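A.B. asks: Right, I'll just put the structure down here and ask away after.
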């Protein structure tokens, strides 16, 4: 039995920051986890085209930035993994995502199971983050086939040599 | 209500008459953050950022809200992109704390950490941003004058904002002057006279406009002492002690004409 502890941030977009009642719409999640002091993984999960699928009537620049979110997140995550420990990573990410595109909440999770091999471990983590994506980002599931298809997340999950274990 | 109307009003009235409370949607200001929060007030249609909402041990001398207010008023007079600020009091569980509210100026605002990597890319975002970077040059003179210590490549103390209905009016805006004007006691006993170039984002230095920088240096040197005195001394003692008022006043007046020397190398080297 292994015990994986992970922390993740929900990323959201607010269309009008000047409006005191302006709402934020979740567009993705990103996090890190460890099961030993040296083995870690990072993951991000976003909509396929967050700019086109946010449900908001966005300006061209916001649409462009949000559609580029997967590569923006990957750049930031790789930078963060180098810069800080897994324990500090989500707070570090929060400092990078403020204003219109921001970290709207931070969470912690624990996963305990007995994988047969590394491949099963990675598959289980992908499932876990897909579930988290459904919980936080897909607030109202689509009813039609086309909508359901578009809800399939854009997911990237990789291992890295962690500097410490999360507790 | 436009940014200009609010800025003019807040420049003329240092104390907010409104009662501010945290917004329900904190839009990025997440749990455990003690430094500030998005706030709103009945009868005011705009969101503000209120801080501090937790006192530091040295709050009486640090006087974060008052430093923000002074920087905002000076920037208003000089036509520079710093959000307008008004002073208020925030009710903590342990009592009242002197605070300030800073106007959220644009519906869409991108943090510097997102902006600085997007600029070089041939995207809609990158192309629009390239136009506004050169317009930031006067801020190097301003940050040097007030000894701003928190910009450089800080991930979110500089933002690029715009109204989607008025994209040509987009601006890079400079936030957070709490750690300026000798907050760290460096302006005591004449320390204010040591003027060196403020840390500034490398991307903005790359796009430095020599003429605009020189113009700002001149405007600061010629900025009236009486205006500085009015801006500094009208802060109530609840927000800025008499001792700190005197120190800031002496520093700002004395440093006005020293900015040119501190930026001489930059003014000569940069070509536009």
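A.B. asks: From the helices alone, meaning DSSP H stretches of at least four residues, give me the mean residue ellipticity at 222 nm for chain A, per-run term -39500 (n - 2.57), in deg cm²/dmol to the nearest 500.
C.D. replies: Values: 6 runs with 63 residues, N = 167.
That comes out to -11500 deg cm²/dmol.
A.B. asks: Related question: If you take the beta carbon distance between residue B:211 and residue B:179 as r and set R0 to 22 Å, what does 1/(1 + (r/R0)^6) give as a FRET efficiency, to the nearest 0.05?
C.D. replies: Numbers: r = 30 Å, r/R0 = 1.34.
Efficiency, rounded to the nearest 0.05: 0.15.
A.B. asks: Where Rh denotes the Kirkwood radius from the mean inverse Cα pair distance, what is Rg over Rh for the protein assembly as shown?
C.D. replies: Taking Rg over the Kirkwood Rh, I get 1.00.
A.B. asks: Same structure again: Can you tell me which of B:233, B:189, B:144 moves the most in a GNM of chain B? Springs connect C-alpha atoms under 10 Å apart.
C.D. replies: B:189
A.B. asks: Here's a follow-up. Relative contact order of chain A: what whole-number percent is it, with Cα pairs under 8 angstrom and at least 6 residues apart?
C.D. replies: Numbers: 288 pairs, mean separation 65.0, N = 167.
Across chain A, relative contact order equals 39 percent.
A.B. asks: Given a cut-off of under 8 Å on Cα pairs at least six residues apart, what relative contact order in percent is computed for chain B?
C.D. replies: Numbers: 461 pairs, mean separation 51.5, N = 272.
Once divided by the residue count of chain B, the mean separation gives 19 percent.
A.B. asks: D for region B:1-60, whole µm²/s, Stokes-Einstein with Kirkwood Rh over alpha-carbon pairs at 25 °C and 0.890 mPa s: what number?
C.D. replies: On the way: Rh = 13.1 Å.
D = 187 µm²/s.
A.B. asks: Separate question: Tell me the mean residue ellipticity at 222 nm calculated for chain B from its helices only (DSSP H runs of n ≥ 4, each -39500 (n - 2.57), averaged over every residue, nearest 500).
C.D. replies: On the way: 12 runs with 104 residues, N = 272.
So the calculated ellipticity at 222 nm is -10500 deg cm²/dmol.
A.B. asks: Further question on the same structure: How would you order B:69-81, B:167-179 from highest to lowest mean count of nearby Cβ atoms within 10 Å?
C.D. replies: Numbers: B:69-81: 21.5, B:167-179: 19.5.
Per-residue mean Cβ counts within 10 Å order the peptides as B:69-81, B:167-179.
A.B. asks: What value in Å³ per residue do you get for the convex hull of the alpha-carbon atoms in chain A? Could you put the intermediate results ahead of the total?
C.D. replies: Details: hull volume 19.8 nm³, N = 167.
Taking only Cα atoms, chain A has a hull volume of 119 Å³ per residue.
A.B. asks: Sticking with this one: What is the order of A:122, B:89, fewest Cβ neighbours within 10 Å to most?
C.D. replies: Details: A:122 15, B:89 18.
Fewest-to-most Cβ neighbours within 10 Å comes out as A:122, B:89.
A.B. asks: For a quick check, take a GNM of chain A with Cα springs below 10 Å and name the residue from A:61, A:81, A:110 with the largest mean-square fluctuation.
C.D. replies: Looking only at A:61, A:81, A:110, the biggest GNM fluctuation is shown by A:61.
A.B. asks: For region A:1-95, what class follows from the C-alpha gyration tensor (a ≥ b ≥ c being the square roots of its eigenvalues): rounded when a/c is under 1.5, otherwise prolate if a/b is larger than b/c, else oblate? All intermediate terms of the calculation are to be shown ahead of the outcome.
C.D. replies: Details: a/c = 2.35, a/b = 2.16, b/c = 1.09.
The shape class here is prolate.
A.B. asks: Please average, across the residues of A:60-68, the number of beta carbons from any other chain that are within 10 Å of each residue's own beta carbon, and give a whole number.
C.D. replies: Working: counts 6, 15, 7, 2, 8, 9, 0, 1, 5.
The per-residue average across the peptide is 6.
A.B. asks: Below 8 Å, C-alpha to C-alpha, sequence gap of six or more: please give me the relative contact order for region B:37-165 in percent.
C.D. replies: On the way: 161 pairs, mean separation 30.2, N = 129.
The value is 23 percent.
A.B. asks: Any chance you could run the full-extension gain for residue A:116 through residue A:2? It's 0.36 nm times the residue separation minus the Cα-Cα distance, nm to one decimal. Before the final figure, lay out the partial values.
C.D. replies: Details: separation 114, 0.36 × 114 = 41.04 nm, distance 1.09 nm.
Full extension of this stretch gives 39.9 nm more.
A.B. asks: A follow-up question, please. Pull out a ≥ b ≥ c, the square roots of the eigenvalues of the alpha-carbon gyration tensor of region B:88-227, then state rounded if a/c is under 1.5, prolate if not and a/b is larger than b/c, and oblate in the remaining case. Present the calculation step by step, with values, prior to reporting the outcome.
C.D. replies: Details: a/c = 1.94, a/b = 1.24, b/c = 1.57.
Verdict is oblate for region B:88-227.
A.B. asks: Quick one: grab the alpha carbon gyration tensor of chain B, order the square roots of its eigenvalues as a ≥ b ≥ c, and give me rounded if a/c is under 1.5, else prolate or oblate depending on whether a/b is larger than b/c. Spell out each step's value before the answer.
C.D. replies: On the way: a/c = 1.70, a/b = 1.09, b/c = 1.56.
Oblate, because a/c is 1.5 or more while a/b does not exceed b/c.
A.B. asks: Please compute, for peptide B:101-108, the average count of beta-carbon atoms on other protein chains lying within 10 Å of each residue's beta-carbon.
C.D. replies: Details: counts 0, 0, 1, 7, 2, 5, 10, 14.
The shielding value for this peptide is 5.
A.B. asks: Kindly express, to the nearest 10 degrees and within the range 0 to 90, the angle between helix A:69-83's C-alpha long axis and the longest C-alpha principal axis of chain A.
C.D. replies: Taking the Cα atoms of chain A, the angle to A:69-83 is about 40 degrees.
A.B. asks: In a solvent-free Debye calculation with one equal scatterer on each Cα, what is log10 I(q)/I(0) for region B:184-272 at q = 0.13, 0.21, 0.24 Å⁻¹, listed in the order of the q values?
C.D. replies: With one equal scatterer per Cα and no solvent, log10 I(q)/I(0) is -0.53, -1.04, -1.18.
A.B. asks: Output the antiparallel fraction of DSSP beta bridges having both residues in chain B, as a percent to the nearest 5. Could you put the intermediate results ahead of the total?
C.D. replies: Details: 26 of 27 bridges.
Taking every DSSP beta bridge within chain B, about 95 percent pair in antiparallel fashion.
A.B. asks: Arranged by the count of other C-beta atoms within 10 angstrom, fewest first, what order do A:124, A:96, A:116 take?
C.D. replies: On the way: A:124 14, A:96 23, A:116 7.
Lowest count first: A:116, A:124, A:96.
A.B. asks: Report, as an integer, the average count of C-beta atoms from other chains found within 10 Å of each Cβ along A:21-27. Provide the component values of the computation, followed by the final result.
C.D. replies: Values: counts 6, 7, 3, 4, 0, 0, 0.
That works out to 3 on average.
Bear in mind these aren't lab numbers, they're just calculated from the coordinates by the rules spelled out. Keep in mind that this is a model prediction, so the values were computed, not measured. Note that each Cβ is placed from the backbone with ideal geometry, even for glycine, and that neighbours are counted across all protein chains shown.
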